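See below for the structure under consideration.
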Amino acid sequence: MVKAVVGANWGDEGKGKITDMLAEKADIIVRFQGGANAGHTIVNQYGKFALHTLPSGVFYGHTTNVIGNGVALNIPVLFDEIKSITDRKAPTPKLLVSERAQIVTPYHILFDQYEEERLGGKSFGSTKSGIAPFYSDKYAKIGLQVNELFSGARLREKVERIVEMKNILLEHLYHKPLIDCGELLETLKGYRDMVEPYVCDVSAYLDCARKEGKTILLEGQLGTLKDTDHGIYPMVTSSSTLAAYGAIGAGLPPYEIKEIIAVCKAYSSAVGAGAFVSEIFGEEADELRRRGGDGGEYGATTGRPRRMGWFDCVASKYGCRLQGATDVAFTVLDVLGYLDEIPVCVGYEIDGKATTDFPVTAKLETAKPILETLPGWKCEIRGIRDYKELPKNCRNYVEFIEGQIGYPITMVSNGPGREDIIYRESPLKKK
Ligand code: GDP
């Protein structure tokens with residue numbers, strides 16, 4: 001059985017918590033795309049952890065955690081993360097790394113910084129983790145797969161070729177120090193030694209696991225609106241954030257993904273540049289940011305304040321559709337308990353016309369939110385485990401949003417912990 005946990009919004013929806021929770025009943029957790037540019041926050045008995053590369057199942061003794069071929073693998077970051085876990089006495093994670101995963105190199109990180117610098121005010125707001133240069137190189141066929149670290153003279157030859165090209169850009173476009181080929185090869189040797197114990201033919205491993213009836217969880221990074229193709233291009237990430245890509249980034253048949261859990265946050269937040277129709281500002285935004293998530297809405301990787309907004313039904317309906325959601329996990333609902341009234345964006349006004357269809361970027365930039373205001377519930381809902389025990393206005397909020405997005409909300413998350421979850425029967429759920 002293969003399930004995917006993916007984001008229906010701009011990322012930071014609480015996928016880490018949902019994956020961690022579902023991992024209790026899973027055998028294998030696979031990351032299939034993205035790199036160390038976004039983080040998952042997980043709170044458990046060992047403490048609070050920000051994971052950037054490791055799958056969110058690493059805290060269970062019974063799970064195997066897999067870095068799939070679709071990931072942008074930063075080997076030193078991966079090893080620092082393993083260390084941060086074992087240093088705090090959590091069990092050593094069982095980890096496998098695809099021999100086909102490609103490696104983020106120090107020059108990818110530098111090129112990311114240099115390009116953002118060059119773009120100045122027109123920059124993408126990149127986390128400067130090297131992700132865009134990494135994926136550009138992957139598709140330009142000058143990336144380095146993990147298995148190539150073990151290829152001796154072949155690696156040397158390839159690296160020399162790459163460096164020749166990169167140095168032309170460094171010298172003439174960016175006016176920065178050049179790459180020393182020998183030094184780079186030494187760094188790559190270090191990476192090889194770090195990754196060696198974990199290297200595996202992941203698609204073959206998953207094929208066997210699937211045939212043995214194991215439960216495999218695919219864990220997405222970021223969300224639909226940051227997908228390279230279907231997101232707010234070009235203010236997107238450089239890999240596909242969709243469940244469909246899980247098949248490619250893990251090496252599984254697409255028809256094996258039976259459940260797709262789209263994680264949707266009860267309000268909106270986004271990082272980086274790009275149109276954000278339901279965005280709010282000033283004190284209203286500051287308060288939601290301060291109260292949001294678990295300890296405020298600040299980037300898990302960069303610590304930068306996230307942009308805040310009301311729940312956006314247009315973006316979320318689109319987000320769930322592109323993910324192919326079989327279930328929606330509606331998260332961080334507890335945070336909204338302080339509001340007398342809660343505005344919800346139910347449509348966009350574009351060129352004087354109302355629509356509930358999510359448009360292409362140029363139109364999105366002109367869209368104005370159509371807001372509807374729902375009554376708040378004005379109390380703490382953490383600790384509640386039974387949907388019927390939620391205040392009426394809170395259930396109204398959930399059901400109103402379910403009606404707008406048209407996908408079944410079967411899980412409501414009312415706190416950061418694993419146990420803070422309410423399962424719900426949805427009239428929209430296909431049996
Ligand atoms: P991810 O990248 O999608 O995993 O999301 P993040 O980890 O960036 O953001 C989720 C934040 O909200 C984390 O700090 C979580 O601990 C926290 N969180 C997740 N679910 C809930 C919830 O239902 N209520 C509250 N208050 N916090 C939550």
Q: Give the relative contact order (percent, whole number) for the stretch 317-367; include only Cα pairs under 8 Å separated by 6+ residues.
A: 27
(Q) With a 1.4 Å probe and all protein chains kept in place, how do 191, 205 rank by accessible area, largest first? (A) 205, 191
Q) What dipole magnitude, in Debye to the nearest 20, does the chain give about its Cα centre under +1 on Lys/Arg Cβ and -1 on Asp/Glu Cβ? A) 700
Q: Take the solvent-accessible surface of the protein heavy atoms, probe 1.4 Å, and return the percent of it on the stretch 273-395 that carbon and sulfur atoms account for.
A: 49
Q | Residue list for the stretch 414-431, given a label point 7 angstrom along the Cα-to-Cβ vector of residue 45 and an amide N cut-off under 15 Å | A | 418-419
Q) Under Stokes-Einstein, with the Kirkwood radius over Cα pairs standing in for Rh, what whole-number D in µm²/s applies to the stretch 202-282 at 37 °C and 0.692 mPa s? A) 224
(Q) Quick query: amide H of residue 222 versus all other amide H atoms, modeled in the peptide plane; which residues come in under 5 Å with a sequence gap of 5 or more or a different chain? (A) 12
Q.
How high is the relative contact order of the stretch 190-276? Use alpha-carbon pairs under 8 Å, at least six apart in sequence, and give a whole percent.
A. 22
(Q) Can you list residues from other chains, or at least 5 along the same chain, whose modelled amide H is less than 5 Å from the amide H of residue 241? (A) 227, 228
**Q.** Residues with amide H under 5 Å from that of residue 128, placed H, sequence gap 5 or more
**A.** none
Q: Compute the length gained on full extension between residue 429 and residue 255: take 0.36 nm times their separation in residues and subtract their Cα-Cα distance, giving the result in nm to one decimal.
A: 60.7 nm
**Q.** Spatially proximal lysines relative to residue 363 (Cα-Cα < 23 Å; intrachain offsets below 8 disregarded)
**A.** 122, 226, 317, 353
Q) Where the centroid of each part is defined by its Cα atoms, how far is the stretch 121-145 from the stretch 20-93 in Å? A) 23
Q) For the chain, what does -39500 (n - 2.57) per DSSP helix run (n ≥ 4), summed and divided by total residues, give at 222 nm, in deg cm²/dmol to the nearest 500? A) -9500 deg cm²/dmol
Q: Just round it to a whole percent: the fraction of Cα-Cα distances in the stretch 33-172 exceeding 22 Å.
A: 45
Q. So what is log10(I(q)/I(0)) for the chain at q = 0.08, 0.12, 0.13 1/Å, when the Debye sum runs over its Cα atoms only?
A. -0.44, -0.98, -1.14
Q) Counting only protein chains, not ligands or nucleic acids, how are 89, 392, 226, 317 ordered by accessible area (probe 1.4 Å), most first? A) 89, 392, 317, 226
Q) So what's the stretch 1-110 giving for Rg/Rh, alpha carbon basis, Kirkwood Rh from the mean inverse pair distance? A) 0.94
Q: Go through the stretch 364-380 residue by residue and turn each phi into a ³J(HN,Hα) via Karplus (6.51, -1.76, 1.60, θ = phi - 60°); whole Hz please, and just put x for glycine and proline.
A: 4, 5, 9, 6, 10, x, 9, 9, 10, 10, 10, x, x, 10, 6, 7, 7
Q: Kindly provide the pair-distance distribution of the stretch 367-431 built from C-alpha pairs, with 5 Å bins from 0 and whole-percent values in order of increasing distance.
A: 3, 15, 24, 23, 19, 10, 5, 1
**Q.** Accessible surface, the chain, averaged per residue in Å² (probe 1.4 Å)
**A.** 42
**Q.** Accessible area of the stretch 1-80 belonging to carbon and sulfur atoms, whole % at 1.4 Å probe
**A.** 50
Q. Which is farthest toward the positive dipole end of the stretch 295-423 among 390, 352, 401, measuring Cα position about the Cα centre, with Cβ charges +1 (Lys, Arg) and -1 (Asp, Glu)?
A. 352
Q | Packing-based order for 349-361, 143-155, 91-103, using average beta carbon neighbours within 10 Å, highest first | A | 91-103, 143-155, 349-361
Q. About the Cα centre of the stretch 84-218, what is the dipole size in debye to 20, counting +1 per Lys and Arg Cβ and -1 per Asp and Glu Cβ, all else neutral?
A. 480
Q: Please report, in debye to the nearest 20, how large the charge dipole of the stretch 219-330 is about its Cα centre when each Lys and Arg carries +1 at its beta carbon and each Asp and Glu carries -1 there.
A: 100
Q: Go through 78, 119 and list them by solvent-accessible area, largest first, probe radius 1.4 Å.
A: 119, 78
Q: For the stretch 47-59, take each phi angle, set θ = phi - 60°, evaluate the Karplus expression 6.51 cos²θ - 1.76 cosθ + 1.60, and give the result in whole Hz per residue in order, putting x for glycine and proline.
A: x, 10, 10, 9, 9, 10, 10, 5, x, 6, x, 5, 8
Q. Looking at the chain, what % of its DSSP beta bridges pair antiparallel, to the nearest 5?
A. 40
Q. Suppose R0 equals 30 Å; then what is the FRET efficiency for residue 140 and residue 1 from their Cβ-Cβ distance, rounded to the nearest 0.05?
A. 0.25
Q.
How high is the relative contact order of the chain? Use alpha-carbon pairs under 8 Å, at least six apart in sequence, and give a whole percent.
A. 20
(Q) If I ignore ligands, DNA and RNA and count only protein heavy atoms, how much of residue 21 is accessible to a 1.4 Å probe, in Å² to the nearest 10? (A) 20
Q) If you build the Cα gyration tensor of the stretch 280-388 and take the root of 5 times each eigenvalue, what three semi-axes come out, in whole angstrom, biggest first? A) 25, 18, 16
Q: Could you order peptides 288-297, 123-132 by the average number of other Cβ atoms within 10 Å of their residues, highest first?
A: 123-132, 288-297
Q.
Taking all protein chains in place and a 1.4 Å probe, what share, in percent, of the accessible surface of the stretch 159-246 do carbon and sulfur account for?
A. 53
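The values are calculated or read from the model by the stated rules, or taken from the named source; none is laboratory data. Just so it is clear, the model here is predicted, and its values are computed rather than measured. Don't worry about glycine lacking a Cβ; one is built from the backbone with ideal geometry, like all the others, and counts go over all protein chains shown. The protein model used for the area step is the full one, side chains on, heavy atoms only, and it has no ligands, DNA or RNA in it. Shrake-Rupley method; radii C 1.70, N 1.55, O 1.52, S 1.80 Å.
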